[in-house]
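Have a look at the structure below, then the notes.
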Amino acid sequence: MAELFDLRDGEAFVKIARKSIGYYMHTGQLLKEKSVDARYNEKRGVFVTLHSFPERELRGCIGFPEPVAPLWRAIIENAVNAAFSDPRFAPLQANELDKIIIEVSVLTKPVAMRCERNALPEKIKIGRDGLVIKKGSCVGLLLPQVASELKWNSKQFLCALCGKAGLDESAWKDEKAEICTFQSQIFAEEKPNGRIIKY
């Protein structure tokens, strides 16, 4: 994908995510801060992921796969959602704020894969592509970094995607299931409140 944002942008994204979580924790309100950079006001898909430190275990992850909100606003909302509304975890507590690392993923728009179902695995590049599956009312999404972190091959990635959507793991072979790919730029803290890296 084209490099839309550089490390300086990523530093701004992660800092506003952390600030939003702290602000909501103390006020119960969403941060109203606006960005002066016009690029940050363009609508983009965004995910915010929280990991414990130093264990780096998942502590929350929520986002917008589609570009439904301005980037800056999407980061603020999803930082709060990841911290307090991920149904897999209890809401983040004040004593955890300095024990988490924050990651912001800025997504390209998902594009439907058009090929024979058996050829899908060879069209997916691990580490580059994220996946979305839609079948009926079931929807699942996995970010590109998930497959890399778990050392999955593309078939394992597709099967896990189906499971995420609540479908049988072979549902990706069904022509009625829509499979889309997307890419992302990922910016993350190395440690809580630490240096931001891009990958």
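The values are calculated or read from the model by the stated rules, or taken from the named source; none is laboratory data. Here the structure is a predicted model, which is why all the values come from computation and not from measurement. Note that each Cβ is placed from the backbone with ideal geometry, even for glycine, and that neighbours are counted across all protein chains shown.
Take the conditions (1) surrounded by 14 or more Cβ atoms within 10 Å (Cβ to Cβ); (2) in contact with a Pro (Cβ under 8 Å, 6 or more places away or on another chain); (3) farther than 22 Å from Phe64 by Cβ; Asn153 misses just one of them, which is (1).
Among residues of the stretch 50-68 that are without any contact (Cβ under 8 Å) to a residue 40 or more places away in the chain, those with a beta-carbon under 7 Å from a residue that is among the aromatic types (Phe, Trp, Tyr) and not in a strand (DSSP E or B) at least six positions away or on a different chain give the pairs Gly60/Phe89. Number of residues in the stretch 161-199 that are surrounded by 13 or more Cβ atoms within 10 Å (Cβ to Cβ), touching a strand residue (DSSP E or B) at 6+ places or on another chain (Cβ under 9 Å) and closer than 26 Å to Ser137 by Cβ equals 16.
Kindly indicate whether Gln145 is of a type outside the set (D, E, K, R), at pLDDT below 95 and under 24 Å from Glu55 (Cα atoms). Considered against the rule, which asks whether it is of a type outside the set (D, E, K, R), at pLDDT below 95 and under 24 Å from Glu55 (Cα atoms), Gln145 comes out as yes.
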